[in-house]
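Enquirer: First the structure, which I've put down as structure tokens, then a few questions once you've had a look.
The values are calculated or read from the model by the stated rules, or taken from the named source; none is laboratory data. No experiment lies behind these values; they were computed from the predicted model shown. No Cβ is skipped: glycine too gets one built from the backbone with ideal geometry, and neighbour counts run over all protein chains shown.
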Amino acid sequence: MASLLICICALTLAICFSKGFSDQIRLKLSSIDGHYRITSLYHNYNNYLHLEDVNNIASAIEQDSRFLSYSDYTEDYALANISGKSEGLLIYGVNPNKALDIFDIDISVSEKKINYNDSSQSENINFISIGSKLARNHNLEIGDHFFIFPIDIENIDNLPIAEKFQIVNIFNSGFSEYDESVCFIDLQSSRSLFNYGSKSRGIIGVVKDPLHIDRDFDDIFKNIEGYRITTWMDRHQSMVTWLDAYSDPIIFIIFSITILAILNMSLSLWILTQDRLKEIAILLTIGFTKIKIFLSIVLQNTILTFISIIFAGLLSVLILYFQYRYQLIKISEDIYFINYLPVSIDYVSILNCYGLLFLISFLISFFPAWKLYSLNIIEHINSDD
């Protein structure tokens, strides 16, 4: 029974930890890239949204409470000259008042901050937020300056006009590649730098339930037609596929081990019953029927499984509480993007597993019960004597 309890507890923890890890990574992926993007239907580098398009989409978004913050944005590649070294960057231009609502990134790496909209700063210097890895690679700090050269893919031979940028924030998303190459600037500065005029690359925003945006996609975006709509899941398809696949083998293996523990308990019950054949024979002589003995063995095995499930559930709740409260189990942030094992209780999966285990235990218990039922106990005792 102890081995069964441990297996059921391990199964419960595996379900909760795998779901917690999956949900946490999904939230991080959606938080660094916006939950959705709406761009021109004909998707290529020179297709933009005009002001009329932006207003039409904004009108549809504002009528649905499931949409939260949004902003028109630009997205372009550029070269940065940092301390005499060239660095390729992906530059997002967004409304600075909405940037932190859409890109939920950590900008608390440094306590020293400069206001993004500080009008006291020189108008000739643009402001930029850079990633922590880019800052480490070039020993950059808040307040430092560097030049950015826009890349015109259509006219690659044209000499770009560089603009000077001052670092106002250093963020840490947890994804090293992102923190090394992605930067944020003011939308108006981006339009000027990359010659957008009044146009935008598209609209980027967030919804209330990013984890189920694909499931509710048709309903959420039913009023937005004639544009190309992508979600964070589309942009991180390989990672989403990996998250969907990684936990299933682990849970299957532990579930299989748990079934073996149930089978072992049933076989132990059969061996115990074999040692008590004389007592069973006495019960038969005083009026007990074989069917009653058959049912008592099935009931005994089922009750033991039920008790194991109850105690395993209570033990799991205790472990999960301490992990949720104190984050005792640590993992490598460099590998898994988070530094502790998160917890998320998947009630449906847990109850389904418990119910299936209970059913399997009930069915397995028929084996020793039937073996005993079909055995001629009196003859078996006499032969042993």
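Enquirer: Restricting attention to segment 28-48, which residues are surrounded by fewer than 16 Cβ atoms within 10 Å (Cβ to Cβ) and either part of a helix (DSSP H, G or I) or assigned by TED's automatic domain parsing to the domain that holds Leu320 (or both)? Spell out the reasoning first.
Expert: Initially, segment 28-48 is screened for residues surrounded by fewer than 16 Cβ atoms within 10 Å (Cβ to Cβ), giving 41-47.
None - no residue of segment 28-48 is surrounded by fewer than 16 Cβ atoms within 10 Å (Cβ to Cβ) and either part of a helix (DSSP H, G or I) or assigned by TED's automatic domain parsing to the domain that holds Leu320 (or both), so the list stays empty.
Enquirer: Let me ask something else about it. Looking at this structure, is Ser198 under 30 Å from Ala80 (Cα atoms) and either free of Cβ contacts under 8 Å to residues at least 60 places away in the same chain or under 19 Å from the mean Cα position of the chain (by Cα) (or both)?
Expert: So Ser198 fails the test.
Enquirer: Now for a separate question. How many of the residues making up segment 329-363 are in contact with a strand residue (DSSP E or B) (Cβ under 8 Å, 6 or more places away or on another chain) and either at pLDDT 90 or above or not assigned by TED's automatic domain parsing to the domain that holds Leu13 (or both)?
Expert: 5
Enquirer: Do we find a residue being more than 30 Å from Met1 (Cβ to Cβ), part of a helix (DSSP H, G or I) and modelled with pLDDT under 85 anywhere in segment 245-254?
Expert: In the first step, residues of segment 245-254 are kept if they are more than 30 Å from Met1 (Cβ to Cβ); the result is 245-246.
Right, trim to part of a helix (DSSP H, G or I) and you get 245-246.
With the extra rule that they be modelled with pLDDT under 85, the set shrinks to 245-246.
Scanning segment 245-254, I find at least one residue that is more than 30 Å from Met1 (Cβ to Cβ), part of a helix (DSSP H, G or I) and modelled with pLDDT under 85, so the answer is yes.
Enquirer: Can you pull out every residue in segment 201-215 that is surrounded by fewer than 17 Cβ atoms within 10 Å (Cβ to Cβ) and in contact (Cβ under 8 Å) with a residue 24 or more places away in the chain?
Expert: Lys208, Asp209, Leu211
Enquirer: If a residue must be among the hydrophobic types (A, V, I, L, M, F, W, C) and either on the phi > 0 side of the Ramachandran plot or loosely packed, with under 15 Cβ neighbours inside 10 Å (or both), how many such residues does segment 264-280 contain?
Expert: Counting residues in segment 264-280 that are among the hydrophobic types (A, V, I, L, M, F, W, C) and either on the phi > 0 side of the Ramachandran plot or loosely packed, with under 15 Cβ neighbours inside 10 Å (or both) gives 3.
Residue-wise test of (1) among the hydroxyl-bearing types (Ser, Thr, Tyr); (2) farther than 23 Å from Ile25 by Cα.
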{"site": "Arg191", "(1), (2)": "no, yes"}
{"site": "Gly205", "(1), (2)": "no, no"}
{"site": "Lys222", "(1), (2)": "no, yes"}
{"site": "Thr230", "(1), (2)": "yes, no"}
{"site": "Trp242", "(1), (2)": "no, no"}
{"site": "Ser266", "(1), (2)": "yes, yes"}
{"site": "Asp275", "(1), (2)": "no, yes"}
{"site": "Ile291", "(1), (2)": "no, yes"}
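Enquirer: Within segment 314-332, does at least one residue satisfy the condition of being under 50 Å from the mean Cα position of the chain (by Cα), in a loop (DSSP other than H, G, I, E, B) and hydroxyl-bearing (Ser, Thr, Tyr)?
Expert: yes
Enquirer: Going through Ser22, Ser3, Ser59, Ser18 one at a time, which residue ends up being modelled with pLDDT under 90, among the hydroxyl-bearing types (Ser, Thr, Tyr) and assigned to a helix (DSSP H, G or I)? First the steps, then the outcome.
Expert: On the way: Ser22 fails: modelled with pLDDT under 90; Ser59 fails: modelled with pLDDT under 90; Ser18 fails: modelled with pLDDT under 90.
The unique qualifying residue is Ser3.
Enquirer: Within segment 255-306, which residues are among the charged types (D, E, K, R) and in contact (Cβ under 8 Å) with a residue 12 or more places away in the chain?
Expert: Residues satisfying the conditions are Lys278, Lys290.
Enquirer: Next up: Being modelled with pLDDT under 80 and over 30 Å from Gly205 (Cβ atoms) is the requirement here; does Leu315 meet it?
Expert: no
Enquirer: Which members of segment 241-285 meet the condition of being within 26 Å of Phe21 (Cβ to Cβ) and in contact with a Leu (Cβ under 8 Å, 6 or more places away or on another chain)?
Expert: Hits for segment 241-285 are Ile251, Ile254, Phe255, Thr258, Ile259, Ala261.
Enquirer: Which of the residues belonging to segment 66-90 are modelled with pLDDT of 90 or more and in a loop (DSSP other than H, G, I, E, B)?
Expert: Within segment 66-90, Arg66 is the sole residue that qualifies.
Enquirer: Could I ask something else about it? So, in segment 209-239, of the ones that are more than 18 Å from Leu49 (Cβ to Cβ) and β-branched (Val, Ile, Thr), which residue ends up farthest from the chain's Cα centre (by Cα)?
Expert: Of everything passing the filter in segment 209-239, Ile220 is farthest from the chain's Cα centre (by Cα).
Enquirer: What single numbered condition from (1) among the polar types (S, T, N, Q); (2) closer than 22 Å to Phe67 by Cα; (3) loosely packed, with under 14 Cβ neighbours inside 10 Å fails to hold for Ser198?
Expert: (2)
Enquirer: Taking the stated definitions as given, is Asp218 in contact (Cβ under 8 Å) with a residue 40 or more places away in the chain and charged (D, E, K, R)?
Expert: It is false that Asp218 is in contact (Cβ under 8 Å) with a residue 40 or more places away in the chain and charged (D, E, K, R).
Enquirer: Kindly provide the set of residues from segment 226-244 that are of a type in the set (Lys, Arg) and part of a helix (DSSP H, G or I), ordered by number.
Expert: The first filter runs over segment 226-244 and keeps only residues of a type in the set (Lys, Arg), leaving 228, 235.
If the condition is that a residue be of a type in the set (Lys, Arg) and part of a helix (DSSP H, G or I), then Arg235 is the only one that fits.
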